[in-house]
Amino acid sequence: MSFILNNRDQCVPIYVPNGDSFFPNGTCMNVPRSVPALDGYCNTPTGSRQQVNKITSYIDGSNVYGSSAAELIKLRDPNFPEYMAVSLGKNLPPNNDTSACTLTVQGESCSIAGDSRVNVVPSLGSYHTLFVQEHNRIVNLLKGLGWTDSEELFQEARKINIAQIQQITYNEFLSWFLTREVMNQNSLLITGGRTSYFTGYDSTINTDIANDFGIAYRIGHSWITNQMQLHTDFPETSDINDPDVKNIENAYLNPHMLYMRGRTGASRMLKWMTETKCPRTDRFVEDGARNKLFLKNGVSFDLAALNINRGRDHGIPPYWKYRTNLCGETLADPSSWTSLTWHDNITIELLKSVYQ
Ligand code: HEM
């Protein structure tokens with residue numbers, strides 16, 4: 001990508017004020033700025049700094065299949081290319097770059113997947129494992145139906161897997177997150193059931209991810225739990241003394257939980273996630289992510305502070321301006337605390353305590 005200026009040329013450190021309830025006096029979080037790109041798609045650069053996407057902005061399974069042909073080659077099984085590559089126990093293939101994660105047990109590996117963030121936390125790694133395994137399951141089903149051509153098998157399984165991801169995203173996840181009412185108001189519901197196809201695709205719409213979305217959707221950080229857990233049934237394996245529950249700070253960037261219980265960690269973790277409620281969508285980020293993100297040798301980050309800082313790095317406009325410009329609402333410029341009408345009183349008091 002020739003329009004990327006240069007890699008991480010500047011930092012925007014976060015200086016923690018003295019007297020913080022967690023971080024020692026004098027703490028500074030080292031935060032490199034996001035990789036820059038020119039605004040205006042190279043042709044009409046405006047001079048303002050933009051950021052680069054590492055994966056595609058379509059819901060096209062790029063987290064499973066990568067965002068380029070070169071990435072995909074590395075992810076397919078070289079001997080049976082209709083399948084996605086897996087390692088022992090149907091886990092994700094190993095990453096030869098051992099610096100991609102923190103390895104604490106001999107014989108374990110960092111993983112590769114369509115999205116390089118696969119190693120951030122084992123719960124994310126389990127989702128990746130699920131959709132790689134699902135691809136391979138679909139290939140086997142197609143073989144059972146008589147399909148034989150390797151490339152056709154791969155492409156058909158990929159298509160079905162992506163359709164399932166879209167179905168889960170729109171009909172299941174977004175209907176919960178936004179509510180069906182909002183989905184309906186914005187024509188986002190996939191209708192037609194099994195008898196017809198969605199015909200609403202408009203190739204003239206710019207489908208780039210809005211920069212604001214990359215900051216706003218971090219609301220998902222309020223769903224993070226302080227602990228990671230494996231479904232606790234069937235503790236019949238030899239590593240039974242290795243606890244099924246781990247504090248999240250001990251699981252960041254460490255694939256160990258995926259290797260536990262005879263390498264069945266991914267499916268056990270997925271089962272745990274489906275049977276456990278995540279924290280509410282709110283302004284609270286649990287301690288494990290707010291104070292202990294990527295804890296290593298006593299040094300850690302605050303994910304909520306990173307999010308605010310990243311919004312500034314990307315030049316995201318204030319909330320009220322965003323809603324006015326993008327949603328067409330008329331919100332007053334919050335020049336006084338009382339004009340923050342979209343916040344409750346408790347939140348306004350809290351904001352007053354940190355902003356002047
Ligand atoms: C344990 C779980 C998670 C961890 C440890 C985590 C960690 C992170 C980190 C470290 C960043 C980059 C921060 C920065 O430097 O600016 C990030 C970005 C982000 N996260 Fe999370 N996250 C988690 C879960 C989630 C969830 C559940 C969602 C939404 C459903 C989410 C949405 C995002 C988004 C949209 C970004 C910005 C991505 C980009 O601009 O490239 N994260 N997360």
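Please treat every number below as a calculation from the coordinates, not as lab data. These numbers come from a predicted model, not from an experiment. Cβ placement follows ideal geometry from the backbone for every residue including glycine, while neighbour counts extend to all protein chains displayed.
Give the cross-link partners of Lys143 among the lysines, using a straight C-alpha distance below 29 Å as the criterion and excluding same-chain residues fewer than 8 apart. Candidates past the 8-residue exclusion: Lys74, Lys90, Lys159, Lys271. Taking GluC sites (Glu not before Pro) in DSSP loop conformation with at most 11 other Cβ atoms inside 10 Å as exposed sites, the chain has its longest uninterrupted site-free stretch at 1-235. Measuring between their Cα centroids, region 309-345 and region 29-105 lie 33 Å from each other.
Determine the gain in length on full extension of the stretch Phe177-Lys296; use 0.36 nm per residue of separation and subtract their C-alpha separation, reporting nm with one decimal.
Numbers: separation 119, 0.36 × 119 = 42.84 nm, distance 3.34 nm.
Value of the extension gain: 39.5 nm.
When a/c is below 1.5 the answer is rounded, else prolate if a/b is larger than b/c, else oblate, so apply that to region 59-202 with a ≥ b ≥ c taken from the square roots of the Cα gyration tensor eigenvalues. Verdict is oblate for region 59-202. As a calculated quantity, the FRET efficiency between Leu130 and Val12 at R0 = 35 Å, using C-beta atoms, amounts to about 0.50.
Over the Cα atoms of region 266-307, what is the Rg over Rh ratio if Rh follows Kirkwood? Walk me through the numbers on the way to the answer.
On the way: Rg = 13.1 Å, Rh = 12.1 Å.
Result for region 266-307 is an Rg/Rh of 1.09.
Could you let me know the centre-to-centre spacing of region 160-184 and region 114-157, using Cα atoms, in angstrom? That distance is 20 Å. With all pairs of different alpha carbon atoms counted, what Kirkwood hydrodynamic radius in Å does the chain show? About 23.3 Å, per the Kirkwood formula over Cα pairs. Bridging of Lys277 to lysines at a Cα separation below 18 Å is possible for Lys246, once same-chain residues fewer than 8 apart are set aside.
Considering all alpha-carbon pairs of region 202-356, what whole percent are spaced by more than 18 angstrom?
Working: 8468 of 11935 pairs.
Percent of Cα pairs beyond 18 Å in region 202-356: 71.
What FRET efficiency comes out for the pair Glu329/Asn25, r = Cβ-Cβ distance, R0 = 56 Å, nearest 0.05? Could the numbers behind the result be given before it?
Values: r = 42 Å, r/R0 = 0.75.
Between Glu329 and Asn25 the formula returns 0.85.
Mind giving me the FRET efficiency for Ser116 and Val354? R0 is 25 Å, r the Cβ-Cβ distance, nearest 0.05 is fine. Efficiency, from the Cβ-Cβ distance: 0.15.
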